Amino acid sequence: MTKKYKSTLSNGISRRKFIKYSSLAVGSGILASCTGGGTSSTGDEELGENPIKVGVMYSTTGSIAIVEKSLQDATFLALEQINTNTGPWEGNGEGIEGRKIQKVVVNPNSDWDLYNQMSKRLIDEDQVVCVLGCYTSASRKSVLPVFEEKDSLLYYPVYYEGNECSSNVFYTGAAPNQQITDSIPYCKENFGSKGFFVGSDYIYPKESNRIAKAELEKIGGQVVGDEYSPLGTTEFITIINKIKQAKPDFVLSNLVGDSIPAFYRQYKDAGLTSDKVPIMAYPTTEEEIQAMGSEYATGHYTSFNYFQSVDTPENASFVEQFKAKFGDSRVTNGVMEAAYIQTFFMAQAMQKVLKEGGELNTQTIREATRGQEFSAPQGLVKVDPDNYHAYLYSRIGKWKEDGQAEIVFATPAAVQPIAWSQTLYPGRVCTRPVPDTRESPIEETGKTLEVQYLEKT
């Protein structure tokens, strides 16, 4: 039987705990800030009595920091808005029913083992009630056993390969059917039937490309190349030469982090252009395009749930508020928006628990998060109460010279998430009982699942 864990709340962090974090930080050459509310928050004296301690675990150094730092920034913005009764939280009072959120911030330095160690410390020593964090599937897989063993909650904001459904994770990034399912038919219809797949060498790119290959072959296309490079690689001449030899109609890129700008620059320098062999990417966002220079991305494509160019009042406010806090030169992006969304899902769940007179712990927050809705920058979204993934829009953007996306495809509303690829695992779904018993949720329905959209209530 899995050990049940009950989070408790307390003020401050002991000197002994701080020294342990600092030792880990120094030994790994990183910064880990765990005092007060974290590196950018005010001191404990401004948080009032009995603050709610929440872990924030994103890498701000290392090969993934190029994008993961933006997730931390969006999380900080959301927590500040919740604590100060501004932004989407305006009208709810400061904090959660008068209790402000104290963020406990760690930096795992893009090191999967450090994610595991830091998640243990956040739960056991800092006694946070939940954690907002992780980026790659490798980091999520590293911490998942910790959250499940200790029965604590992780809010995970990143598109991923699916094939997972944990009682201890809320997945607010895209499932395969919200990113891959629409983009592959778009590629075949608009570019041609032959795709060359590239990716970083770990679970997400490989599994996503496996799903994309099945989707492409199902509609009569073929994969003419499938190449991977170690995470953080910035040398792609060998792979680019293979692309030239294979003569694909398009390239599907699941490269991440620092590899993205390097690949796009070398791709163009090698004479491959978007009008002849366009790139369709999943991890490439405004953040990486700003880093590489927009001229290298112009004419290429990204499949994502959100772009800075989405035309909603909520997005106009989000972009304005983000730039006001972090600088007018900054851009917003899809994973950042997911990190922002999940922070409000968490806060709304906590508010529900406290309004009903409950105690904040894993069980109460988990049940209260199920079914939460939020008017997000991308549009109305919702936590699926059965599989803990989020209803999200599916969109495809074509990158312009200004570094922003022209949205060339969009679903009419947020798409219901399906945790397992229906091309590879038809009829397999995840359904959790109420209340969640933490038993295996996998169900083989034997049915072809139809696309469902979120209806406004």
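Observations
- Rounded to 10°, Cα long-axis angle of helix 15-28 versus longest principal axis of the chain: 20
- The relative contact order of region 260-419 comes to 25 percent, based on Cα pairs under 8 Å that sit 6 or more residues apart.
- Relative protection proxy for 176-183, 213-220, from highest mean packing down: 176-183, 213-220 (other beta-carbon atoms within 10 angstrom).
- Note on region 209-330: dipole from Cβ charges, positive end direction compared against Tyr267, Ile237, Thr312; the farthest Cα belongs to Ile237.
- Backbone N within region 341-357 under 19 Å of label point (7 Å from Leu449 Cα along the Cβ vector): none
- Taking every alpha-carbon pair in region 132-176 and binning the separations at 10 Å intervals from zero gives 30, 63, 7 percent.
- Solvent-accessible surface (1.4 Å probe) assigned to Phe170 amounts to roughly 0 Å².
- Qualifying GluC sites (Glu not before Pro) for region 359-457 [loop in DSSP, other Cβ within 10 Å: at most 14]: Glu359, Glu401, Glu439, Glu450, Glu455
- Distance between modelled label sites at Thr238 and Glu189, nm, 7 Å Cα→Cβ extension: 3.8
- A crude spin-label estimate for the pair Ser329 and Glu94, with each label 7 Å from Cα along the Cβ direction, gives 3.4 nm.
- Principal axis extents of the C-alpha atoms in region 166-217 (largest first, rounded to whole Å): 41, 23, 14.
- MRE, 222 nm, helices only [DSSP H, n ≥ 4, -39500 (n - 2.57), over the chain, to nearest 500]: -11000 deg cm²/dmol
- Reported value for region 393-457: 161 Å³ per residue, from the convex hull of its C-alpha atoms.
- The residues of the chain expose, per residue, 37 Å² of accessible area to a 1.4 Å probe.
- In this structure Met280 has an accessible area near 0 Å², from a 1.4 Å probe over the protein heavy atoms.
- Residues listed by number, region 271-292, amide nitrogen under 16 Å from Glu401 label point at 7 Å toward C-beta: 274-275
- Rounded to the nearest 20 debye, dipole of the chain from Cβ charges on Lys, Arg, Asp, Glu: 800
- In the chain, the longest principal axis of the Cα atoms and the axis of helix 313-326 are about 70 degrees apart.
- Unit Cα scatterers, Debye sum, region 248-381: log10 I(q)/I(0) for q = 0.14, 0.21 Å⁻¹: -0.75, -1.16
- Sequence-separation-based contact order of region 223-338, relative, with Cα cut under 8 Å and 6+ spacing, percent: 22
- With only Cα atoms counted, region 217-272 has Rg and Dmax values of 11.8, 34 Å.
- Distance between region 409-457 and region 315-372 - C-alpha centres, whole angstrom: 23
- Extended-chain gain in nm, criterion 0.36 nm per residue less alpha-carbon gap, Glu439 and Thr84: 123.9 nm
- Accessible surface of the chain, 1.4 Å probe, proportion on carbon and sulfur as whole %: 46
- Taking one quarter of the surface of the convex hull spanned by the alpha-carbon atoms of region 312-415 gives a direction-averaged projected area of 7.9 nm².
- Helix 237-246 vs. the chain, principal-axis angle (Cα, 0 to 90°, nearest 10): 50
- Rounded FRET efficiency, nearest 0.05, which uses the C-beta distance separating Asp124 from Lys247 and R0 of 41 Å: 0.15
- With the highest mean first, a sort of the peptides 419-430, 58-69 on other beta-carbon atoms found within 10 angstrom per residue produces 58-69, 419-430.
- Extension reserve of the Leu424-Glu359 stretch, reckoned as 0.36 nm per residue once the Cα distance is removed: 19.3 nm
- Ellipsoid semi-axes in whole angstrom, largest first, where each is sqrt(5λ) of the Cα gyration tensor of the chain: 35, 24, 21
- Mean Cα-pair separation over length for the chain, i.e. relative contact order, pairs under 8 Å, 6 or more apart, %: 15
- As computed over region 191-323, the Cα convex hull volume per residue (Å³): 119
- Cut-off under 5 Å, modelled amide H: who pairs with Cys130 long-range: Gly55
The values are calculated or read from the model by the stated rules, or taken from the named source; none is laboratory data. All figures in this text were calculated on a predicted structure; none of them were measured in a lab. Cβ atoms come from the backbone with ideal geometry, glycine included; neighbour counts cover every protein chain shown. With ligands, DNA and RNA removed, areas are computed over all heavy atoms of the protein, side chains included. Shrake-Rupley method; radii C 1.70, N 1.55, O 1.52, S 1.80 Å.
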